[in-house]
Amino acid sequence: MENGPKRLIARYAVDRGEDFELITRFDDGTIRERVSKEDPRAASIMPRYPAAIWFERKIRDDFGIRFEGAFDQRPLLHHERWPRGLHPMRRDVDVHTVLELSDYRPYRYEAIGGDGVFEVAVGPIHAGIIEPGHFQFSQAGEDMLHQEVRHFYKYRGIEKMLEGKTLAEAAPVVARISGNESVAAQIALARIAEAAAGEEAGIGIAARRALLLESERLAHHWTDLGFIPNDAGFAAALAYASARAEEVRRWMAEWTGHRFAFDAIASKPRPWDPEEALRRIAAQREAIDWFEDWIVGIPSLWDRMDTTGILQRFDALRYGCVGVVARASGVALDVRAGEALYTDNGFAIQSEESGDVAARFKVRIAELRHSLELMERFVPLCTEEPFAFPEGGEGAFESFVESSLGELYLAVEMEEGKIRRFFFRDPSFINWQALHRMMPGNIIADFPLINKSCDLSYAGNDL
Amino acid sequence: MLRYWQKRFRTGILTERPEFDARMKELRKRLKKGIAKHFAGSLAIRMVDSGSCNACEAECNALSNPYYDLERLGIRFVASPRHADVMLLSGVLTFNMLPHVLDAWEQIPEPKWCITLGDCPVMEAPFTRTFAIEAPAAEHLPVAHHIPGCPPSPDRIIEGLLEFLEKLD
Ligand code: SF4
């Protein structure tokens with residue numbers, strides 16, 4: 001597998017007027033193909049790259065391009081009552097088109113047949129305060145035989161929404177694609193702007209961004225470190241960890257004027273007190289040490305987490321998984337490992353081998369601690385230089401950022417300073433597709449625990 | 001576990017900013033009174049995300065952290081709409097969610113109220129209209145109250161709920 005296929009990062013299409021262009025981004029380069037508009041067809045790569053399934057189904061819905069040799073041809077974004085034949089990413093479809101409900105076409109869920117096997121349907125609205133999505137389980141009693149994830153209930157049409165806008169106009173929307181990776185998305189857009197202007201952020205700006213990016217990671221990892229045990233019935237961990245996440249949100253509010261740092265990357269830094277920042281970071285370092293020390297001594301919790309929801313390394317590679325999900329299965333993949341600011345300040349990839357809930361939990365603890373160490377080094381480097389989106393921009397640009405959920409990939413095509421095509425690949429778009437590989441051999445009661453341990457975004461996935 | 005209880009007793013109730021805590025204390029008192037008066041001491045909320053960026057949900061979850069601890073006041077986020085008094089609606093109401101949101105609303109027994117949460121459902125967040133967006137929510141549901149913000153912070157959500165209760169007076 002190691003020398004096997006490359007990693008599939010993204011596959012998407014662009015309407016070129018005369019025809020379509022199909023763009024496939026691998027870790028070692030980009031492949032471009034022309035697809036005729038008369039008879040829009042292309043060869044499927046899903047048999048070789050399982051994560052291509054959603055990409056190709058999405059392209060089909062967006063543009064009406066059919067994939068030959070694709071074993072899954074079901075619609076993805078277009079749900080039961082979507083107007084027939086409407087492919088909204090085609091340039092001749094107006095972004096303000098008012099959709100009429102069509103007749104109801106049932107969706108065929110993946111299901112396993114057999115004596116006594118039954119299906120459980122969950123969603124799209126779930127119990128609790130969670131984003132909407134649908135999970136379909138094939139069950140043999142308690143045991144999950146298979147699970148299908150069905151999403152795009154939150155599909156807002158963001159890619160099309162941003163066409164024709166300048167980067168500065170797009171920025172507030174980009175900050176709100178997915179609240180749990182807002183800083184990462186804002187940085188991705190700022191890097192696109194810098195690439196378009198042929199510039200690179202100075203160390204002071206880069207350090208300030210990194211400080212916010214790591215703060216975002218802290219808030220999320222703390223929240224997960226609380227919710228994972230909570231889903232295993234250990235609520236005290238949530239009380240403790242959610243209070244730490246709240247502290248991070250409060251300092252983000254002080255530093256940026258916003259608890260999630262929305263719009264902070266493109267606005268003028270506020271005056272701040274680096275000494276105070278260092279004190280808070282130190283307090284959090286104590287907190288994570290205390291938390292780890294406490295939580296390792298709770299055997300009934302580890303009993304639930306150990307060997308639960310295993311993602312084999314083989315599958316993590318096959319699907320091209322990213323983020324904590326990949327790293328907990330022994331895949332050393334982290335965008336930060338290629339960034340000078342990080343490597344110069346002692347960055348090291350945190351990983352585990354066992355691929356289970358426990359491994360993902362441990363990686364989060366290790367990363368949280370490491371983020372705090374890095375932040376201590378970033379604080380003195382930060383400057384208060386403002387960043388502003390340069391005007392103009394022509395050509396195709398891309399950027400990668402390691403969000404708290406994993407590698408975020410953004411590709412933007414600019415024409416006379418306006419966005420011509422906006423393509424955003426959320427880390428969760430890949431990881432959601434691998435989720436079902438963690439289910440066989442586990443009971444349905446462990447599903448929430450497994451799902452939470454992966455911390456996946458619905459909003460960023462659905463766009 | 002013992003260590004946890006030691007820490008628990010040493011820490012006591014979390015406070016950080018005295019003015020903030022004094023304001024929260026006052027809000028809590030009034031909220032508790034309003035809930036006692038209009039909802040027999042227990043207000044059940046079904047939160048429905050109709051296409052949010054998920055920060056509005058994160059702030060609702062934060063209401064349960066030890067700094068806010070909303071549950072103490074008799075506010076519960078319930079799983080089933082059939083147990084709910086209020087539907088708290090976040091997000092831009094997508095084309096794909098609309099039928100499900102209306103389903104959930106129908107399942108809530110009368111009397112019921114719909115409260116919109118955050119700038120999205122009133123189309124005041126930075127999103128511009130697309131084919132996939134059906135907001136403003138008031139075109140599809142009888143909205144009784146709105147809590148603005150992007151996202152509204154936990155204390156703003158508490159204030160918003162209080163304003164809603166005062167409307168019922
Ligand atoms: S109102 Fe703002 S914070 Fe809330 S869901 Fe919408 S964009 Fe996100």
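The values are calculated or read from the model by the stated rules, or taken from the named source; none is laboratory data. Predicted, not measured: the structure shown is a model, and the values here were computed from it. Here Cβ is always computed from backbone atoms with ideal geometry, including for glycine, and neighbour counts include all displayed protein chains. We work out accessible area using only protein heavy atoms, side chains counted, and drop any ligands, DNA or RNA first. Shrake-Rupley method; radii C 1.70, N 1.55, O 1.52, S 1.80 Å.
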Looking only at region A:290-299, how many residues end up being touching a residue at least 24 places away in the same chain (Cβ under 8 Å) and either surrounded by fewer than 16 Cβ atoms within 10 Å (Cβ to Cβ) or touching an Asp or Glu at 6+ places or on another chain (Cβ under 6 Å) (or both)? 0
Take A:Ser457 and tell me if it is assigned to a loop (DSSP other than H, G, I, E, B), open to solvent by less than 10 Å² (accessible area, probe 1.4 Å) and within 21 Å of A:Ala171 (Cα to Cα). yes
Helices (runs of 4 or more DSSP H) wholly inside region A:130-209 containing at least 3 residues that are at the interface with another protein chain (Cβ under 10 Å from one of its Cβ atoms): A:158-161, A:167-174
Taking interchain pairs and intrachain pairs at least six residues apart, which have beta carbon atoms under 7 angstrom, with the first residue in region A:201-228 and outside the structural domain of A:Asp356 (by TED's automatic domain parsing) and the second open to solvent by 10 Å² or more (accessible area, probe 1.4 Å) and of a type in the set (Val, Ile, Thr)? none
Among A:Ala277, A:Ala283, A:Ala237, which is within 14 Å of chain B (Cβ to nearest Cβ), more than 22 Å from the chain's Cα centre (by Cα), more than 16 Å from the ligand (Cβ to nearest atom) and touching a residue at least 40 places away in the same chain (Cβ under 8 Å)? A:Ala237
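Return a yes/no flag: does region A:230-244 have any residue that is more than 26 Å from A:Ile130 (Cβ to Cβ), of a type outside the set (A, V, I, L, M) and crowded, with 17+ Cβ neighbours inside 10 Å.
no
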Might you let me know whether region B:38-58 holds any residue that is open to solvent by 30 Å² or more (accessible area, probe 1.4 Å), closer than 21 Å to A:Tyr458 by Cβ and not charged (D, E, K, R)? yes
Which of the residues belonging to region A:259-281 are part of a loop (DSSP other than H, G, I, E, B) and either among the polar types (S, T, N, Q) or open to solvent by 50 Å² or more (accessible area, probe 1.4 Å) (or both)? A:Asp263, A:Ser267, A:Lys268, A:Arg270, A:Pro271, A:Trp272, A:Asp273
How many residues are surrounded by fewer than 21 Cβ atoms within 10 Å (Cβ to Cβ) and hydrophobic (A, V, I, L, M, F, W, C) when one looks only at region A:348-359? 2
Of the residues in region A:84-122 that are within 9 Å of chain B (Cβ to nearest Cβ), without any contact (Cβ under 8 Å) to a residue 40 or more places away in the chain and not β-branched (Val, Ile, Thr), the one that is least open to solvent (accessible area, probe 1.4 Å) is A:Leu99
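Does B:Leu161 meet the test of being open to solvent by 20 Å² or more (accessible area, probe 1.4 Å), in contact (Cβ under 8 Å) with a residue 60 or more places away in the chain and under 23 Å from B:Ile75 (Cα atoms)?
no
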Within region A:419-454, of all residues that are charged (D, E, K, R) and within 14 Å of chain B (Cβ to nearest Cβ), the one most open to solvent (accessible area, probe 1.4 Å) is A:Lys452
Of all residues in region B:120-149 being within 13 Å of the ligand (Cβ to nearest atom) and open to solvent by 30 Å² or more (accessible area, probe 1.4 Å), which is farthest from the other protein chains (Cβ to nearest Cβ)? B:His146
